[in-house]
1. In square nanometres and to one decimal, what's the mean projected area of the convex hull around the Cα atoms of the chain?
2. From the protein chains alone at 1.4 Å, what is the descending order of accessible area for Glu25, Glu68, largest first?
3. Compute the helix-to-body angle for 126-142: its Cα long axis versus the longest principal axis of the chain, expressed 0 to 90° and rounded to tens.
4. Calculate one ³J(HN,Hα) per residue across region 281-294 by plugging θ = phi - 60° into the Karplus curve 6.51 cos²θ - 1.76 cosθ + 1.60, and present them in order as whole Hz with x for glycine and proline.
5. Projected onto the charge dipole of region 380-452 (+1 at Lys/Arg Cβ, -1 at Asp/Glu Cβ, origin at the Cα centre), which of Ala413, Ser398, Ala443 gives the Cα projection farthest towards the positive end?
6. In percent, what relative contact order does region 113-203 have, based on Cα pairs under 8 Å that are 6 or more apart in sequence?
7. If you line up the long axis of helix 361-375 against the longest principal axis of the chain, both from Cα atoms, how many degrees apart are they, to the nearest 10?
8. If one takes the longest principal axis of the Cα atoms in the chain, at what angle in degrees, from 0 to 90 and to the nearest 10, does the Cα axis of helix 14-25 lie?
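The values are calculated or read from the model by the stated rules, or taken from the named source; none is laboratory data. Source: prediction; values computed, not measured. In this analysis, Cβ positions are derived from the backbone assuming ideal geometry, glycine residues included, and neighbour counts consider all displayed protein chains. Only protein heavy atoms, including side chains, enter the accessible area calculation; ligands, DNA and RNA are left aside. Shrake-Rupley method; radii C 1.70, N 1.55, O 1.52, S 1.80 Å.
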Amino acid sequence: MESTFDILILGGGFAGLSCAAALAEAGAKVLLAEKKSHLGGRAFSFRDPGSEDVLDNGQHLFLGCYRETRRFLDRVGAAERLTLLPKVRMAYASVTGRKDVLSCPGFLPAPWHLKIGLLGFSGLSLSDKLGLSRLDVYMRRHLSDAEAPAELDRMTVRQWLSSLGQSARAQTVLWDPIALGALNDDPTVAGAAGFFQVLREAFYRDAASARPALASVGLSELYALPAARFIESRGGRIMTLAKISGLIEQNGRICGAATEDGQTLSAGAVVSTLPPWDLARLKLPEGLSDGWKKFAASPIVGINLWLDRPVLGGELFAGMIGTDIEWAFNKSLIFKEDAKSRGHYLSLVISGARKHLKRPPAELEAIAARDLSACFPEFRKAKILRSRVVKEPLATLSPVPGTETARPAPGLAHPGLYLAGDWTRTGLPATIESAVVSGHRSAAQIVKGEPQ
Ligand SMILES: Cc1cc2nc3c(=O)[nH]c(=O)nc-3n(C[C@H](O)[C@H](O)[C@H](O)COP(=O)(O)OP(=O)(O)OC[C@H]3O[C@@H](n4cnc5c(N)ncnc54)[C@H](O)[C@@H]3O)c2cc1C
């Protein structure tokens, strides 16, 4: 089969779908090729075999600063499926049984909402809090820089925070959970550039930026299915089970791609949203910079538990300190489900989960039970009704020092070839928002007809 389209988009995750939707809206005839049988890439949902539950491949947290993501959801008519919480409220439960809450008043401008929130944060002593000011001074000095300071791409989060006098307790109870959650790697491994970007975008832009946002439906229903309907209703085409095996180049210009099953997909230009480990498998045009080929992935392990009673004390989610599990999400509350008939559904997250990948589900369930018992006494009375472990070995880019410099800019990379995906250099860590920013940026370049 041979088809000709204006633009061929490789990959059907956040980057590919947001790019395709923006182009379809602008009147381009788009073809999107996805190797799997379903759309969504690293953020999708599925029906749990044996139960009626819709599970995500892992819990995803959005933030108020995910502006391009919300623009994308708005475009495809799905904005109301994401709920932006009214203010920043982070409840933390420690393995010692201690409970702390960081609550930032929503009516104050940034960064005063954070400063007032931190003043009232019982997890830190007065001297820990005084020590935070050095980090604040550094952040404010570099807020208007176009990129994270180059020196931060040469050190880890731990090295950077320690160099700015952040106490061990401030790191353990405040910064580490944020860094681990946002960068998906241990602060002793993750580069400081990404953490600078997280702090800048979440806490220094405006008070709404750090407000958490949660999907009230499964991830596929949140964006993948609405985006597919939007693209197809504008004459675009989506091919699943279409694994790209190579790019097609003519006269030095990329003009299509070949699928593993022998199809030729021709187009005026190609946007790749493949993650680096998939893109590196294709034969790439000569001259394309490839410092990113050595990028590695960091895994996430998710543990879904259904209990006979609520255990998070009415919190939508809570950070856990001193445990293997870092975050517990109250899915029954988030999905507004009838917990009485279906059980109280918790989604537990272990980021940077290398040492847990090979553990069997029963062992991970036992770790979850141990950690929940230590942090939430109510759990000791609870019965686990059901559990389901989901492992994502290639969850996100492992942002080790040096990564920021090697990330290629999103957009035109070679005549006829655009690069997008969360891992491109968007000024954000490799997250959903980065994926959508890269998709929108590539689409905008194509629509504007920037030199190819
Ligand atoms: C468990 C988990 C939890 C996460 N939590 C968060 C969170 O809380 N907040 C957040 O912001 N981010 C989170 N992330 C990261 C977020 O999911 C990703 O940043 C985002 O989904 C990446 O989108 P993308 O479109 O760039 O890449 P992908 O979603 O990987 O899309 C690329 C697509 O290309 C396809 N593909 C690959 N090779 C080929 C080929 N040869 N031919 C055709 N198609 C191909 C893939 O199948 C995939 O569908 C999490 C990720 C995981 C796995």
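1. Here the figure is 21.2 nm², rounded to one decimal.
2. So the residues, ranked largest to smallest area, are Glu25, Glu68.
3. 20
4. 7, 8, 6, 9, x, 4, x, 6, 5, 9, x, 7, 5, 8
5. Comparing the listed Cα positions along the dipole, Ser398 ranks first.
6. 35
7. Roughly 40 degrees, rounded to the nearest 10.
8. That works out to roughly 50 degrees.
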